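Trainee: Okay, handing you the structure first.
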Amino acid sequence: MRGIFQDLLAIDGVKGVAFFSPSGQPVYEEFAVGGGASAGDWFSLAEVLEKAKEAELVFEKGRLYVRRGPEGVLVVVMGQISSTGMVRLTSDILLSGLREQKPVRGLKRFFRR
């Protein structure tokens, strides 16, 4: 699982990543310097944002990027000087890659490209 998130963790200024299933179960969590909060706390923060697909929260000493999709909820902890555009682009690629890994059911499985 670490390999999937490696590109996101490699971006300058990204301090950590947490990914949750749509039901809130922790799937992956890695922080360069202690996360400071439990996995449940990160998901609770995403739940407070309710149905927002994407949110960026700016604080005095850092930023949080929260992205919700059908695959799950992604929380990225960043410093102030990290590139939000690069984090968004990498998150798009990462989430679409997770979508492709899900098994196809029904008749669609016979018509793969």
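The values are calculated or read from the model by the stated rules, or taken from the named source; none is laboratory data. Worth saying up front: this structure is predicted, and the values here are computed from it rather than measured. When we count neighbours, we look across all protein chains shown, and the Cβ atoms used for this are built from the backbone with ideal geometry, even at glycine.
Trainee: Could we say that Arg2 is modelled with pLDDT of 90 or more and basic (Lys, Arg) here? Lay out the reasoning, then the answer.
Mentor: On the way: modelled with pLDDT of 90 or more: no; basic (Lys, Arg): yes.
Spelling it out, it is not the case that Arg2 is modelled with pLDDT of 90 or more and basic (Lys, Arg).
Trainee: Which residue, of Val66, Val73, Val27, Val58, is within 18 Å of Phe5 (Cα to Cα), among the β-branched types (Val, Ile, Thr) and without any contact (Cβ under 8 Å) to a residue 24 or more places away in the chain? Explain how you work it out, then say what you get.
Mentor: Details: Val73 fails: without any contact (Cβ under 8 Å) to a residue 24 or more places away in the chain; Val27 fails: without any contact (Cβ under 8 Å) to a residue 24 or more places away in the chain; Val58 fails: within 18 Å of Phe5 (Cα to Cα).
Going through Val66, Val73, Val27, Val58 in turn, just one is within 18 Å of Phe5 (Cα to Cα), among the β-branched types (Val, Ile, Thr) and without any contact (Cβ under 8 Å) to a residue 24 or more places away in the chain: Val66.
Trainee: Considering only the stretch 1-15, state which residues are touching a helix residue (DSSP H, G or I) at 6+ places or on another chain (Cβ under 8 Å) and outside any helix (DSSP H, G or I).
Mentor: First, pick out the residues of the stretch 1-15 that are touching a helix residue (DSSP H, G or I) at 6+ places or on another chain (Cβ under 8 Å): 4-5, 7-8, 11, 14.
The answer is Ile11, Val14.
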